[in-house]
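Enquirer: This is the structure, below, for whatever I ask next.
The values are calculated or read from the model by the stated rules, or taken from the named source; none is laboratory data. Since we're looking at a predicted model, the values are computed, not measured. Here the Cβ is made from the backbone with ideal geometry for all residues, glycine too, and neighbour counts use every protein chain on show. Heavy atoms of the whole protein, side chains included, go into the accessibility calculation; ligands, DNA and RNA do not. Shrake-Rupley method; radii C 1.70, N 1.55, O 1.52, S 1.80 Å.
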Amino acid sequence: MANLLINRTLKSIGNSKLITALSSRSRQFSSIAAVEQPQSDGPSSSFNFSSDGQENKNNRNNQDDSIHIKPSSSSSKHETASSSVTMPMSFMTGSIVGKRFYNQVTTRKADDGNGWTVMLDYRTLKTPSKRPLKLPTLALAKAIAAEWEYQQTDGIRPFTMPLMRLACTALERVPLTRPKVVDYLMQKFNQDLVFCRAPDDNDLTSVVNERQVKKIDPLLDWVKSEFGFKPVVYSSFFGGKQEDGLTKAIETVLKQTDDCELAAIDAIASSAHSLIIAIGIYRGKLQIEEQLS
């Protein structure tokens, strides 16, 4: 369901920059970027999804993820400029986090003029660590706003908001775990799906081989022209060792990305079981529809 929602959202936006910044995601993040939990810092915002003291303790014991909106003592009833909504950590795990408490979802320019934010009524959306959800493009902000707009009144379902979750990963977790993300992706590189080739001398696999030649060989030729090394294919699900020059070139690409781009590459590689496909989309060689065909 999450993949379908992402694909429809990306098609409706039609923005190639969005694909390179934040792209499709399966229901769970499998890489280390999505496993690491960042430490919360900064003061509590004017509106929170969690309460304090004994109620928090009881919630933890009962695993209650209900939304508790609590105005800070410094905010007044009519003061709207400093109001915000902070996502709970459970938002990143996929559980239902509470009922819909807002009526209108809009986007606006960030207060410092750098990036875009999402507004739930008059409240500014924040990340689980209480940082402003500052997005690089208006297209991405509108896509995330659409995810919030389509939430039902009986509960907010994070698993139907893949772009929101991926944006939080890019803004919160990738900066803290960047070397580990790159190492994780490179550890899986030799087992890339596009390096596995079905035998062509067997009636059961010859059809698969023909399709691989048609669909994957042009991608491998692009890798050779782009990086100077043509990948070696193997008739094994476990792949095989690639040339050191190609491995170093791919690692250099990953290290040169920004946090949003690396989060997107990590997400696509996890979904497609292929770092080559992810980089092909990032570099503009492939489109999302081609990855899924």
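Enquirer: Have a look at Tyr234, Tyr184 and point out the one that is surrounded by 15 or more Cβ atoms within 10 Å (Cβ to Cβ) and in contact with a Gly (Cβ under 8 Å, 6 or more places away or on another chain).
Expert: Tyr234
Enquirer: Still on this model: Kindly indicate the residue of the stretch 241-293 that is of a type in the set (Ser, Thr, Tyr) and touching a residue at least 12 places away in the same chain (Cβ under 8 Å) and also most open to solvent (accessible area, probe 1.4 Å) among those meeting that condition.
Expert: Of the residues in the stretch 241-293, the ones of a type in the set (Ser, Thr, Tyr) are 247, 252, 257, 270-271, 274, 282, 293.
Next cut, touching a residue at least 12 places away in the same chain (Cβ under 8 Å) only: 247, 257, 270-271, 274, 282, 293.
Details: Thr247: 37, Thr257: 9, Ser270: 28, Ser271: 36, Ser274: 1, Tyr282: 49, Ser293: 75 Å².
Once the filter is applied, the top-ranked residue is Ser293.
Enquirer: Go through the stretch 187-202 and report how many residues are surrounded by fewer than 18 Cβ atoms within 10 Å (Cβ to Cβ), among the aliphatic types (A, V, I, L, M) and in a helix (DSSP H, G or I).
Expert: Going through the stretch 187-202 one residue at a time, the tally reaches 1.
Enquirer: Would you check which residues across the stretch 116-137 are closer than 20 Å to Glu172 by Cα and either surrounded by fewer than 17 Cβ atoms within 10 Å (Cβ to Cβ) or among the polar types (S, T, N, Q) (or both) and list them?
Expert: Thr117, Thr124, Thr127, Ser129, Lys130, Thr137
Yes/no per residue for (1) outside any helix (DSSP H, G or I); (2) in contact (Cβ under 8 Å) with a residue 60 or more places away in the chain; (3) within 28 Å of the chain's Cα centre (by Cα):
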position	(1), (2), (3)
Val174	no, yes, yes
Leu204	yes, no, no
Glu210	no, no, no
Leu220	no, no, yes
